[in-house]
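Just below is one structure, and these are the notes that go with it.
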Amino acid sequence: MTATTKNKVPKHHSEDRERDFWSSADSTEYVDWNKAQRVALPNLKPSLKTISLRLPEMMLAELRALANKRDVPYQSLLKMFLAERIAVELEAISEKRAG
């Protein structure tokens, strides 16, 4: 989001100092969030973390077979499955809190 500023944001000589500043500062004193607009960052790539995951051999074989049928790498299919399930779980938690 972008927004117009109210007070001038102080200049920081390092990311650590800026991080410390924003961890305690009230952004509403510096940014008029009522005038904020969404910004698309299409070339931004998410950070990736390599993990080691132990799966039963049969489960891995089935995952690879499913991925082959969809013509996608099995790791990509696993990420899609995880993303779908995470969305379902987060939605359930959200509904539970609202309900």
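Nothing in this text is a laboratory measurement; each read-out follows from the coordinates by a stated rule. Source: prediction; values computed, not measured. Every residue, glycine among them, receives a Cβ derived from its backbone with ideal geometry; neighbour counts consider all protein chains shown.
Taking the Cα centre of segment 15-81 as origin and charging only Cβ (+1 Lys, Arg; -1 Asp, Glu), how large is the dipole, in debye to the nearest 20?
On the way: 11 positive and 10 negative charges, 115 e Å.
That gives segment 15-81 a dipole magnitude of about 560 debye.
Considering every Cα-Cα pair within segment 57-98, what fraction, in whole percent, is farther apart than 12 Å?
64
Starting from the alpha-carbon convex hull of the chain, give the projected area averaged over all orientations, in nm². Don't jump to the answer; show the numbers that get you there.
Numbers: hull surface 46.2 nm².
It is 11.5 nm².
What is the helix-to-structure angle for 15-24, meaning the angle in degrees between its Cα long axis and the longest Cα principal axis of the chain, kept from 0 to 90 and rounded to the nearest 10?
80
If the chain between Ser23 and Ala61 were fully stretched, how many nm would it gain, using 0.36 nm times the residue separation less the Cα-Cα distance?
Details: separation 38, 0.36 × 38 = 13.68 nm, distance 4.65 nm.
Using 0.36 nm per residue and subtracting the Cα-Cα distance, I get 9.0 nm.
So if each residue of separation counts as 0.36 nm, and I subtract the Cα-Cα distance between Ala36 and Thr50, what length gain in nm does that give? Walk me through the intermediate numbers first.
Values: separation 14, 0.36 × 14 = 5.04 nm, distance 3.52 nm.
Separation in residues times 0.36 nm, less the Cα-Cα distance, equals 1.5 nm.
Tally Lys and Arg at +1 and Asp and Glu at -1 over the other residues with C-beta under 15 Å from the C-beta of Arg85: what net charge comes out? List each step's numbers first, then the result.
On the way: positive: Lys79; negative: Glu84, Glu89, Glu91.
Combined, the nearby Lys, Arg, Asp and Glu give -2.
For the chain, what's the relative contact order in percent, using C-alpha pairs closer than 8 Å and at least 6 residues apart? Don't jump to the answer; show the numbers that get you there.
Working: 43 pairs, mean separation 24.2, N = 99.
For the chain, the relative contact order is 24 percent.
Using the structure shown, select from Lys6/Lys79; Lys11/Lys35; Lys35/Lys79; Lys45/Lys69 the pairs with a Cα to Cα distance greater than 30 angstrom.
Working: Lys6/Lys79 42 Å; Lys11/Lys35 23 Å; Lys35/Lys79 36 Å; Lys45/Lys69 27 Å.
In this structure, Lys6/Lys79; Lys35/Lys79 exceed 30 Å between Cα atoms.
Which one, Gln75, Ile93, Met59, is farthest towards the positive end of the dipole of the chain when Lys and Arg carry +1 and Asp and Glu -1 on their Cβ?
The residue sitting most towards the positive pole is Gln75.
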